[in-house]
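**Student:** My questions will all concern the structure given below.
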Amino acid sequence: MIDRTLSIGERATPEIKPSRNGLRLAVLRAFLASVLALLVRFPFALLFLEGVELLPPQWDGGPGLCHLPSCRTGADEVLSARRWHPAMDPVFLSRVQFGLTIAFHYIYPPLSIGLGGMLVIMESLYVKTRNPLYQQLTRFWVRIFALTFALGVASGVVMEFQFGTNWAMYSRFVGDVFGSALAAEGIFAFFLESGFLALLLFGWDKLGPRMHLFSTTMVALGAHFSAIWIVVADSWMQTPAGFHVVEAALRRRAEITDFWAVVFNPSSVVRLAHTLVGAWSAAAFFVLSVSAYYLLKRRHQEFARASMQIALIVALVASLGSLVTGHSSGLVVAQHQPAKLAAMEAHFPAAAPAGMYLFGWVKEDEQRVIGSSIPGMLSLLARGDASAPVTGLSAFPPQDRPPVQPVFQSFHAMVAIGMALIALALLGAIFLWWLGTLHQTRWLLWLFVFAVAGPQLANQLGWFTAEVGRQPWIVYGVMRTTEGLSRAVTAGQVLGSLVLFTLIYLLLFVLFIFLLDQKIRHGPLADDLEVAYRRR
Ligand code: HEM
């Protein structure tokens with residue numbers, strides 16, 4: 001047993017020779033994990049490919065939902081008949097349920113995406129330098145990664161269920177488009193991620209360092225591919241492309257005409273970039289928070305300093321990246337979803353130069369904002385000219401406008417957090433690399449401990465802006481949210497499942513915090529260092 005920590009740069013040259021039996025076992029475990037993962041995910045993807053036709057007709061209230069323009073209003077009448085209290089609107093409750101479950105779910109994927117990437121950096125440093133400290137880092141953060149991955153999978157399955165139960169009409173309409181993306185996610189991304197995860201977790205003393213690094217890289221790639229397909233599917237709802245609508249037997253379906261136009265729809269690339277840097281930011285500030293905590297408590301200091309150094313570089317790149325990609329996202333919104341852009345800045349005149357608010361409160365009935373703004377800034381950012389007119393909310397009929405106050409507030413809160421994260425990362429960099437006093441500056445370390453909430457909040461607010469800003473459309477300009485609801489679902493049923501889901505998700509969250517707390521309290525294990533010295 002080695003009882004000392006090597007410093008960064010000190011070289012140890014262990015070579016781990018893979019044991020054949022152990023390797024076989026690890027590969028078998030990886031294979032079984034992947035098959036299990038696919039068995040869980042594939043039926044749901046299939047459900048989409050088939051446009052939920054596999055379900056019995058009475059599942060969504062039987063035949064007869066008419067999506068033809070002449071009978072669209074029928075959907076609203078049926079809905080109001082199923083509303084036994086003004087607040088008990090099945091559409092509203094289904095949206096609350098989806099929002100709540102996806103908000104809980106989205107705590108975990110950004111962490112596993114970002115941590116996956118950081119694991120590759122940490123283990124690459126180990127393979128390059130053979131300094132066991134880097135392996136200790138990798139092994140500790142792998143345990144946290146595995147926890148977030150498990151919670152992400154457990155909380156994600158509910159999403160796919162809900163499409164069938166609450167949003168059957170929508171699922172029918174988008175089945176061809178969404179099914180392909182979700183199936184691709186299940187087959188390529190999830191398979192890669194969960195398959196190699198077994199090698200990553202159980203292969204430490206069975207694989208050579210390079211082979212292990214390869215597994216880590218595949219897991220990280222899998223997590224990123226997963227994000228690609230989900231973001232593609234979501235972006236298609238925002239800026240649909242590469243499809244035509246088939247009207248048959250009183251039912252509308254979107255059918256793919258150009259797969260690559262679906263994948264590269266106008267908003268998918270920028271949204272993916274912004275989502276990924278948001279995920280990297282979440283992981284980097286999480287690692288910073290734990291490392292700062294160890295330094296404040298004077299525990300695992302060597303480990304914490306090395307973790308902090310890597311995380312600070314990632315945090316710096318990701319927080320600046322959020323601003324750059326966020327600006328690009330804004331340009332795409334301006335071009336393709338002008339009503340959303342108008343709501344984000346509460347810009348009411350049909351066509352006039354627009355400023356950008358630093359903060360404010362929207363007085364919707366008076367069509368004005370009480371707050372502080374930079375005149376002409378929105379025009380400058382969106383049109384390249386401070387006096388250029390920007391389309392405002394009045395240019396759209398009231399039934400086609402998104403809710404203004406929530407979109408305005410969530411957008412501004414996200415940007416404010418983004419700016420604060422940039423400032424904090426820059427401050428950290430100055431104190432670490434210029435002044436060299438970061439590890440002793442307790443107030444800054446405490447700031448880093450609490451900053452873990454920043455990217456998490458910004459991620460939630462970002463999705464809220466994007467999805468509430470898309471309203472009243474479920475597929476922008478093509479299908480209204482009210483049309484997407486399952487026909488048979490009543491408000492009471494949705495309320496029941498909403499309460500149940502809330503309880504289950506709360507339980508999952510408490511479990512996550514409990515396990516996370518335990519792992520952080522234990523800290524890196526002595527064994528994490530020792531493996532690097534094991535010769536076989
Ligand atoms: C720094 C300034 C920022 C700007 C200017 C900005 C801009 C935007 C815009 C315009 C959207 C809406 C895109 C759409 O509806 O199509 C958006 C969404 C989003 N933002 Fe930000 N953002 C910033 C910071 C952040 C930060 C710090 C995070 C997380 C760490 C974040 C995470 C998200 C997410 C997850 C979405 C939803 C996905 C998407 O639509 O891209 N944003 N952001």
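**Student:** In segment 432-449, what residues are farther than 15 Å from Ala304 by Cβ and at pLDDT 95 or above?
**Tutor:** Trp443, Leu447
**Student:** Which one of these is closer than 30 Å to Gly355 by Cβ, in contact with an Asp or Glu (Cβ under 9 Å, 6 or more places away or on another chain) and either within 8 Å of the ligand (Cβ to nearest atom) or in a loop (DSSP other than H, G, I, E, B) (or both): Ala466, Ala458?
**Tutor:** Going through Ala466, Ala458 in turn, just one is closer than 30 Å to Gly355 by Cβ, in contact with an Asp or Glu (Cβ under 9 Å, 6 or more places away or on another chain) and either within 8 Å of the ligand (Cβ to nearest atom) or in a loop (DSSP other than H, G, I, E, B) (or both): Ala466.
**Student:** Limited to segment 471-497, what total is found for residues that are aliphatic (A, V, I, L, M), crowded, with 19+ Cβ neighbours inside 10 Å and either away from the ligand (no atom under 16 Å from the Cβ) or outside any strand (DSSP E or B) (or both)?
**Tutor:** So the count comes out to 5.
A quick yes/no check of all residues on (1) buried (at least 22 other Cβ atoms within 10 Å of the Cβ); (2) of a type in the set (Phe, Trp, Tyr); (3) under 30 Å from the mean Cα position of the chain (by Cα):
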position: Leu341; (1), (2), (3): yes, no, yes
position: Glu345; (1), (2), (3): yes, no, yes
position: Ala354; (1), (2), (3): yes, no, no
position: Lys363; (1), (2), (3): no, no, no
position: Met377; (1), (2), (3): no, no, yes
position: Arg401; (1), (2), (3): no, no, yes
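**Student:** Check Val277, Val245, Val262, Val269 and return the single one that is free of Cβ contacts under 8 Å to residues at least 24 places away in the same chain and hydrophobic (A, V, I, L, M, F, W, C).
**Tutor:** The conditions single out Val269.
**Student:** Follow-up question, since we're still on this one. List the pairs whose first member sits in segment 99-125 and is in contact (Cβ under 8 Å) with a residue 40 or more places away in the chain, whose second member is of a type in the set (Asp, Glu) and surrounded by fewer than 23 Cβ atoms within 10 Å (Cβ to Cβ), and whose Cβ atoms are under 9 Å apart, counting only residues at least 6 apart or on separate chains?
**Tutor:** Hits for this filter: Gly99/Glu467; Ile102/Glu467.
**Student:** Let me ask something else about it. Pairs under 8 Å by beta carbon, first residue under 11 Å from Arg95 (Cα atoms) and not assigned by TED's automatic domain parsing to the domain that holds Thr239 in segment 461-483, partner within 14 Å of the ligand (Cβ to nearest atom) and part of a strand (DSSP E or B), six or more apart or different chains?
**Tutor:** From segment 461-483, the pairs are Thr481/Trp473.
**Student:** Now for a different question. Which one of these does Leu438 not meet: (1) over 25 Å from the mean Cα position of the chain (by Cα); (2) not assigned by TED's automatic domain parsing to the domain that holds His327; (3) not aromatic (Phe, Trp, Tyr)?
**Tutor:** (2)
**Student:** Oh, and also: Would you point out which residue out of Ser329, Ser394, Ser372 is more than 16 Å from the ligand (Cβ to nearest atom) and either farther than 22 Å from Gly477 by Cβ or buried (at least 18 other Cβ atoms within 10 Å of the Cβ) (or both)?
**Tutor:** Selected residue: Ser372, the only one of Ser329, Ser394, Ser372 that is more than 16 Å from the ligand (Cβ to nearest atom) and either farther than 22 Å from Gly477 by Cβ or buried (at least 18 other Cβ atoms within 10 Å of the Cβ) (or both).
**Student:** While we're on this one: For the structure I just gave you, tell me whether Ala382 is modelled with pLDDT under 90 and in the same structural domain as Gln471 (by TED's automatic domain parsing).
**Tutor:** Yes.
**Student:** So is Val468 surrounded by fewer than 22 Cβ atoms within 10 Å (Cβ to Cβ) and modelled with pLDDT of 95 or more or not?
**Tutor:** Criteria not met by Val468.
**Student:** State yes or no: is Ala429 touching a Pro at 6+ places or on another chain (Cβ under 8 Å) and aliphatic (A, V, I, L, M)?
**Tutor:** So Ala429 does not fit the description; no.
**Student:** Right, something else. Give me the residue from segment 332-364 that is closer than 11 Å to Val404 by Cα and more than 12 Å from the ligand (Cβ to nearest atom) and, out of that set, modelled with the lowest pLDDT. Before the answer, list the steps.
**Tutor:** First, pick out the residues of segment 332-364 that are closer than 11 Å to Val404 by Cα: 339-348, 361-364.
Still in the running and more than 12 Å from the ligand (Cβ to nearest atom): 342, 346-348, 361-364.
On the way: Ala342: 95, Ala346: 93, His347: 93, Phe348: 91, Trp361: 95, Val362: 92, Lys363: 91, Glu364: 88.
Looking at the filtered set, the residue picked out is Glu364.
**Student:** Go through segment 154-166 residue by residue and tally those that are farther than 16 Å from Leu507 by Cβ and of a type in the set (A, V, I, L, M, F, W, C).
**Tutor:** Counting residues in segment 154-166 that are farther than 16 Å from Leu507 by Cβ and of a type in the set (A, V, I, L, M, F, W, C) gives 3.
**Student:** Of the residues in segment 253-288, how many are away from the ligand (no atom under 14 Å from the Cβ) and part of a helix (DSSP H, G or I)?
**Tutor:** So the count comes out to 6.
**Student:** Would you mention how many residues in segment 379-389 are surrounded by 16 or more Cβ atoms within 10 Å (Cβ to Cβ), more than 30 Å from the chain's Cα centre (by Cα) and within 18 Å of Gln337 (Cα to Cα)?
**Tutor:** Number satisfying all stated conditions: 1.
**Student:** Here's a check for you: in segment 305-326, which residue that is among the β-branched types (Val, Ile, Thr) and more than 8 Å from the ligand (Cβ to nearest atom) is nearest to Phe408 (Cα to Cα)? Before you say what the answer is, go through the steps one by one.
**Tutor:** Filtering segment 305-326 for residues among the β-branched types (Val, Ile, Thr) gives 310, 313-314, 317, 324-325.
From what's left, more than 8 Å from the ligand (Cβ to nearest atom): 310, 313-314, 317, 324.
Values: Ile310: 35, Ile313: 31, Val314: 29, Val317: 27, Val324: 20 Å.
Only one residue tops the list, namely Val324.
**Student:** What number of residues within segment 210-252 satisfy the criterion of being more than 15 Å from the ligand (Cβ to nearest atom) and touching a His at 6+ places or on another chain (Cβ under 7 Å)?
**Tutor:** Selection size over segment 210-252: 2.
The values are calculated or read from the model by the stated rules, or taken from the named source; none is laboratory data. All values derive from a computational prediction rather than experimental measurement. Positions of Cβ are generated from backbone atoms using ideal geometry, with glycine treated the same way; all protein chains shown enter the neighbour counts.
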